[in-house]
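Read through the structure below, which is laid out as structure tokens, and then see the notes.
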Amino acid sequence: MARLPVRKELARLIEHTLRSADATRANIETLCREARTHGFGSVCLNSSRVAQAAHWLEDSEVKVTCAIGFPLGAGDADAKRYETEIAIDSGAHFIEVSLNIGRLKDGDDAHVLRELRDIAEAADERPVSLYLDVMLLTGDEIRRATKLAVEAPLKGITLGGGSDATSTSELVKLVRDAAGTDIGLKVDHQSFTLPEIATLVKAGATRFGIVHSVKLMESVPQSDAD
């Protein structure tokens, strides 16, 4: 098993995540306060909350990741591009765009690639990741989507919706095989245990999108606090 990261090292790998439809202003403010307190790498939220998060995280090292087209990814490519432009104008540091799964399943890789290139251009040199709902994709489709992301070129892949760390670690290895080591690889889930984090890091994950991030930090052994 890979070495368990200590508290500060672990915190920098985490995107403290809140993308629920009923998230309120107060919820977002709490998210940002927790991110500051624990030193998380970033927060991840929907585009209408980017400006608020950027304000509350001003003068901190915590970055803002904006989810584009989440969760379906099936919106028009121009709409996703416009949402990206608004997010950047509002202060987003990173963009995470949901794959148009139906187009990929149609075999319309040209459409998917064109959309990803448009998003990368709209992001104005900010890193863009492609969000893949692994419960709706086959292994071959994940590999194809990864190769399109590399070609676009995007900076990362996010694997979301996985059922457990063991099966997800196999998908992490699949993405690494398709993309190599130069692309970032985030695993997105409600919660993780420390052993699950270690397993996924060993497989090749570089970041973790977590809703219950504070609970995870509270589970770090006291001897690893520094």
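Give Lys186, Lys215 a once-over and let me know the one that is of a type in the set (Lys, Arg), within 19 Å of Arg7 (Cα to Cα) and surrounded by fewer than 18 Cβ atoms within 10 Å (Cβ to Cβ).
The unique qualifying residue is Lys215.
Return the pairs, sorted by first residue and then second, in which the second residue is assigned to a helix (DSSP H, G or I) and of a type in the set (Val, Ile, Thr), the first residue lies in segment 182-196 and is within 17 Å of Ala145 (Cα to Cα), the beta carbons are less than 7 Å apart, and the residues are 6+ apart or on different chains.
Listed pairs, sorted by first residue: Ile183/Val150; Leu185/Val172; Leu185/Val175; Val187/Thr168; Val187/Val172.
Select from segment 53-75 the residues that are touching a helix residue (DSSP H, G or I) at 6+ places or on another chain (Cβ under 6 Å) and more than 25 Å from Gly161 (Cα to Cα) and list them in ascending order.
Once the filter is applied, which keeps residues that are touching a helix residue (DSSP H, G or I) at 6+ places or on another chain (Cβ under 6 Å) and more than 25 Å from Gly161 (Cα to Cα), segment 53-75 yields Trp56, Leu57, Ser60.
Condition first: in contact with a His (Cβ under 6 Å, 6 or more places away or on another chain) and either in contact (Cβ under 8 Å) with a residue 40 or more places away in the chain or within 18 Å of Arg81 (Cα to Cα) (or both). Can you find one or more residues in segment 103-121 that meet it? Working first, answer last.
Initial filter on segment 103-121 (in contact with a His (Cβ under 6 Å, 6 or more places away or on another chain)): 103.
Now restrict to residues that are either in contact (Cβ under 8 Å) with a residue 40 or more places away in the chain or within 18 Å of Arg81 (Cα to Cα) (or both): 103.
So far as segment 103-121 goes, yes, one or more of its residues are in contact with a His (Cβ under 6 Å, 6 or more places away or on another chain) and either in contact (Cβ under 8 Å) with a residue 40 or more places away in the chain or within 18 Å of Arg81 (Cα to Cα) (or both).
Which residues, counting only those in segment 147-159, are surrounded by fewer than 24 Cβ atoms within 10 Å (Cβ to Cβ) and either β-branched (Val, Ile, Thr) or closer than 13 Å to Val172 by Cα (or both)?
Within segment 147-159, Val150, Gly156 qualify.
Looking at the structure I just gave you, is Asp133 surrounded by fewer than 21 Cβ atoms within 10 Å (Cβ to Cβ), without any contact (Cβ under 8 Å) to a residue 12 or more places away in the chain and acidic (Asp, Glu)?
Values: surrounded by fewer than 21 Cβ atoms within 10 Å (Cβ to Cβ): yes; without any contact (Cβ under 8 Å) to a residue 12 or more places away in the chain: no; acidic (Asp, Glu): yes.
Spelling it out, it is not the case that Asp133 is surrounded by fewer than 21 Cβ atoms within 10 Å (Cβ to Cβ), without any contact (Cβ under 8 Å) to a residue 12 or more places away in the chain and acidic (Asp, Glu).
Does Val128 qualify as being in contact with a Phe, Trp or Tyr (Cβ under 9 Å, 6 or more places away or on another chain), β-branched (Val, Ile, Thr) and in contact (Cβ under 8 Å) with a residue 12 or more places away in the chain?
Details: in contact with a Phe, Trp or Tyr (Cβ under 9 Å, 6 or more places away or on another chain): yes; β-branched (Val, Ile, Thr): yes; in contact (Cβ under 8 Å) with a residue 12 or more places away in the chain: yes.
Yes, satisfied.
Considering only segment 176-195, how many residues are at pLDDT 95 or above and either within 17 Å of the chain's Cα centre (by Cα) or of a type in the set (Phe, Trp, Tyr) (or both)?
Result for segment 176-195: 8.
Given the residues Ser60, Ser90, which is the only one that is in contact (Cβ under 8 Å) with a residue 40 or more places away in the chain and surrounded by fewer than 19 Cβ atoms within 10 Å (Cβ to Cβ)? Break it down stepwise before answering.
Numbers: Ser60 fails: in contact (Cβ under 8 Å) with a residue 40 or more places away in the chain.
The unique qualifying residue is Ser90.
Please go through segment 41-93 and give me each residue that is under 30 Å from Asp109 (Cβ atoms), part of a loop (DSSP other than H, G, I, E, B) and among the hydrophobic types (A, V, I, L, M, F, W, C), ordered by number.
Phe70, Leu72, Ala74, Ala92
Of everything in segment 103-156, what is at positive phi and of a type in the set (D, E, K, R)? Give them in sequence order. Steps first, please.
Within segment 103-156, the subset at positive phi is 107, 124-125.
Matches in segment 103-156: Asp124, Glu125.
Where in segment 101-204 are there strands (runs of 3 or more DSSP E), lying wholly inside it, with at least 3 residues that are acidic (Asp, Glu) and touching a strand residue (DSSP E or B) at 6+ places or on another chain (Cβ under 9 Å)?
Numbers: elements: 128-133, 156-160, 184-189.
The strands (runs of 3 or more DSSP E) meeting that bar number zero.
Among (1) assigned to a helix (DSSP H, G or I); (2) charged (D, E, K, R); (3) under 16 Å from the mean Cα position of the chain (by Cα), there is one condition Glu96 misses while meeting the rest; what is its number?
(1)
The values are calculated or read from the model by the stated rules, or taken from the named source; none is laboratory data. Bear in mind that the values here come from a model prediction, so they are computed numbers and not experimental data. Reconstructed Cβ throughout: ideal geometry from the backbone, glycine too, with neighbour counts over all protein chains shown.
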